[in-house]
């Protein structure tokens with residue numbers, strides 16, 4: 001790669017920056033090897049590295065030594081996504097370690113730390129695997145013998161990226177440290193960010209020991225060079241063009257390997273493939289396949305540039321390059337017919353509702369459209385067409401061209417042609433700064449009840465808490481301080497508000513639960529989701545509509561709580577937000593009736609109910625009128641005179657919340673739903689057939705897969721085996737991993753409400 005580190009600190013960069021990674025393409029049989037000249041410490045060592053996975057479903061060999069079938073040591077990511085570590089000494093099984101955590105997110109970086117210390121008296125401490133600073137759970141563990149020597153650090157061949165007998169790594173590696181003779185912790189290599197809570201790298205400043213090494217991949221001439229000393233590794237099938245700008249501190253877009261390739265075009269069976277770090281896309285002969293990147297482009301607020309090298313147009317000369325909304329509507333682009341041929345480099349600029357496309361550096365056309373908001377760059381093609389994309393990380397197009405090293409307007413990237421002024425590479429450093437810090441507006445707490453009142457610190461004053469007992473049947477309960485904090489409503493029932501004997505207090509940094517059985521039963525396991533309204537205990541009067549309301553509104557976070565009293569007439573009610581709500585949840589407080597929900601994916605003439613499993617129904621409850629930027633509407637027949645109502649209003653905020661919909665595919669390779677952030681909470685409902693509401697979150701299990709489901713329409717206990725591989729929370733959305741009809745029925749229409757744990761700009765793979 002001809003681009004060099006200029007010393008310019010990229011825009012958006014803070015703290016310790018990692019400039020490079022190495023791309024391992026398993027189809028190239030790429031790996032690093034080294035045979036130590038002297039043995040090191042075979043009982044104690046630490047391996048730390050940042051990993052961005054390529055294609056899922058293959059065994060990914062990370063690190064090992066295999067002199068023969070009877071004497072070996074290896075660490076790999078299995079095809080299922082679990083980390084499997086094994087060691088044989090003389091044919092005896094001395095170590096087996098398998099994680100419950102599944103690594104199946106190719107859109108962002110994981111930090112992995114492996115620590116061997118066979119001197120530990122406690123067996124469970126002799127081998128540990130960490131992900132993003134957290135000890136990973138195990139599904140199986142056989143401890144190595146006390147004080148046993150393992151084959152890492154012996155004077156036998158060792159590999160990074162392969163096994164002697166089968167399998168290669170596919171993906172990226174960065175900042176690989178191996179410390180010989182010390183059992184360290186992830187805190188030696190990373191730390192938790194104080195603002196967004198993500199795990200980020202720090203510089204390792206300790207010693208390395210006899211066979212220790214540091215691979216920073218800065219020397220493109222030899223990607224195996226030890227930046228700390230002379231313990232160099234020999235690259236095999238790793239070229240200078242495999243040095244990449246994609247790194248844990250600046251994550252570049254690639255094609256998203258978890259999106260089924262036929263979702264974005266055609267209905268044929270899957271057959272396309274991704275190679276070269278998910279930058280090369282191949283369509284299958286006789287099929288139509290589509291591919292989308294891991295990062296969306298906001299055409300309203302940012303200008304982006306990307307390039308595509310055409311390897312072949314295929315037998316039908318059918319290559320399409322376009323932008324398209326994540327919900328599949330509104331595509332604009334060009335196709336190959338008479339436009340480009342194999343060997344062409346096609347450039348695109350996207351921004352300000354305008355697309356410009358270039359061929360070999362020359363402007364071909366300007367396409368203006370009414371398209372606005374978030375878009376995917378989409379490659380679609382048929383019959384063995386092939387392209388390689390460059391979102392700013394590799395202008396050699398995997399060695400097919402000579403890299404030119406041109407940068408964008410923020411001095412970031414490696415482009416073949418210079419991007420037009422003001423246009424940027426599609427990478428996390430170039431994404432807009434989030435307007436909302438998620439942890440300041442939404443929080444999930446889990447706790448075990450003691451039978452006594454207790455306080456819970458969440459970092460802000462909530463205005464709505466929604467709780468559920470997990471280990472036994474018990475009502476969902478919702479409490480807000482706009483109505484009456486001493487009363488609660490249940491989402492799984494139609495009843496009027498119930499009174500809380502001892503009261504719930506909304507505190508400056510959290511809330512205090514009552515001591516009764518509903519909220520703090522002795523031995524009960526609970527989860528509570530909290531939302532911030534205006535962050536005070538004082539709601540304000542709102543006269544925007546014909547019916548005066550009392551509102552606690554969080555304008556920045558797109559959430560408001562609205563209380564009003566019915567007048568007996570049709571009217572409008574002010575919600576206090578600056579944009580039209582995309583989801584409205586309405587319940588009568590002092591009388592028995594259903595919970596009514598309007599969602600942006602429903603027609604103005606439709607509602608769905610929160611407390612029952614029924615499909616959507618036709619209804620004029622909201623006067624057949626969608627909410628506006630200031631009010632929502634209500635019909636006379638429901639606006640009962642003198643009755644009290646509570647309403648929760650939501651609209652999407654980029655990087656923090658998403659009100660959306662998706663279509664299920666009924667497959668174990670299920671639908672991927674883009675959110676633009678790593679979700680902390682997702683609530684899902686099938687709208688076109690009977691089916692429960694489903695709630696998952698990032699707190700109750702803490703790792704993938706998420707098969708722990710709570711049902712807002714039911715008082716039942718948590719379902720802890722809801723689909724074997726039910727769903728994953730990923731760095732930029734969530735992925736269905738099971739054909740379960742409740743969340744992934746083939747052709748089913750689903751609505752969802754999601755809130756962020758971390759915006760994608762700063763997130764790790766989970």
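For the reader, a short list of remarks on this structure follows.
- Tally, over the range 147-192, of residues that are in a loop (DSSP other than H, G, I, E, B) and under 22 Å from residue 122 (Cα atoms): 11
- Out of 169, 165, sole residue that is modelled with pLDDT under 95 and within 25 Å of the chain's Cα centre (by Cα): 169
To keep it simple, each residue is scored yes or no on (1) modelled with pLDDT under 95; (2) crowded, with 18+ Cβ neighbours inside 10 Å; (3) under 21 Å from residue 745 (Cβ atoms).
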{"position": "664", "(1), (2), (3)": "yes, yes, yes"}
{"position": "668", "(1), (2), (3)": "yes, no, yes"}
{"position": "676", "(1), (2), (3)": "yes, yes, no"}
{"position": "683", "(1), (2), (3)": "no, yes, yes"}
{"position": "687", "(1), (2), (3)": "no, yes, yes"}
{"position": "690", "(1), (2), (3)": "no, no, yes"}
{"position": "693", "(1), (2), (3)": "no, yes, yes"}
{"position": "702", "(1), (2), (3)": "yes, no, no"}
{"position": "721", "(1), (2), (3)": "yes, no, yes"}
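- In the range 642-665, residue farthest from the chain's Cα centre (by Cα) [restricted to those that are over 19 Å from residue 682 (Cβ atoms) and assigned to a loop (DSSP other than H, G, I, E, B)]: 642
- Which numbered condition residue 711 fails, given (1) closer than 22 Å to residue 104 by Cβ; (2) buried (at least 18 other Cβ atoms within 10 Å of the Cβ): (1)
- Count - residues of the range 707-766 that are more than 11 Å from the chain's Cα centre (by Cα) and in a strand (DSSP E or B): 12
- Residue in the range 455-477 that is outside any loop (DSSP other than H, G, I, E, B) and either free of Cβ contacts under 8 Å to residues at least 24 places away in the same chain or over 27 Å from residue 708 (Cα atoms) (or both) present: no
- Residues of the range 511-532 satisfying the condition of being within 11 Å of residue 458 (Cα to Cα) and either modelled with pLDDT of 95 or more or assigned to a loop (DSSP other than H, G, I, E, B) (or both): 528, 529, 530, 531, 532
- Residue among 116, 103 that is surrounded by 24 or more Cβ atoms within 10 Å (Cβ to Cβ), within 30 Å of residue 679 (Cα to Cα) and either touching a residue at least 12 places away in the same chain (Cβ under 8 Å) or in the same structural domain as residue 181 (by TED's automatic domain parsing) (or both): 103
- On inspection, residue 78 does not qualify as surrounded by 18 or more Cβ atoms within 10 Å (Cβ to Cβ) and under 23 Å from residue 259 (Cα atoms).
- Residue match in the range 198-215 (condition: assigned to a loop (DSSP other than H, G, I, E, B), within 22 Å of the chain's Cα centre (by Cα), surrounded by fewer than 18 Cβ atoms within 10 Å (Cβ to Cβ) and in contact (Cβ under 8 Å) with a residue 40 or more places away in the chain): no
- Failed item, numbered, when residue 399 is tested on (1) touching a residue at least 24 places away in the same chain (Cβ under 8 Å); (2) outside any loop (DSSP other than H, G, I, E, B): (2)
- Of the residues 601, 629, 668, the single one that is outside any strand (DSSP E or B) and either farther than 30 Å from residue 108 by Cβ or in contact with a helix residue (DSSP H, G or I) (Cβ under 7 Å, 6 or more places away or on another chain) (or both) is 629.
- Residue match in the range 401-412 (condition: modelled with pLDDT of 95 or more and under 17 Å from residue 321 (Cβ atoms)): no
- Of 413, 351, all but one fail to be out of contact with any strand residue (DSSP E or B) (no Cβ under 6 Å at 6 or more places or on another chain) and closer than 19 Å to residue 250 by Cα; the exception is 413.
- For the range 139-162, filtering for residues that are surrounded by 19 or more Cβ atoms within 10 Å (Cβ to Cβ) and on the phi < 0 side of the Ramachandran plot leaves 9.
The values are calculated or read from the model by the stated rules, or taken from the named source; none is laboratory data. Every value quoted in this text rests on a predicted model; they were computed, and no experiment measured them. In this analysis, Cβ positions are derived from the backbone assuming ideal geometry, glycine residues included, and neighbour counts consider all displayed protein chains.
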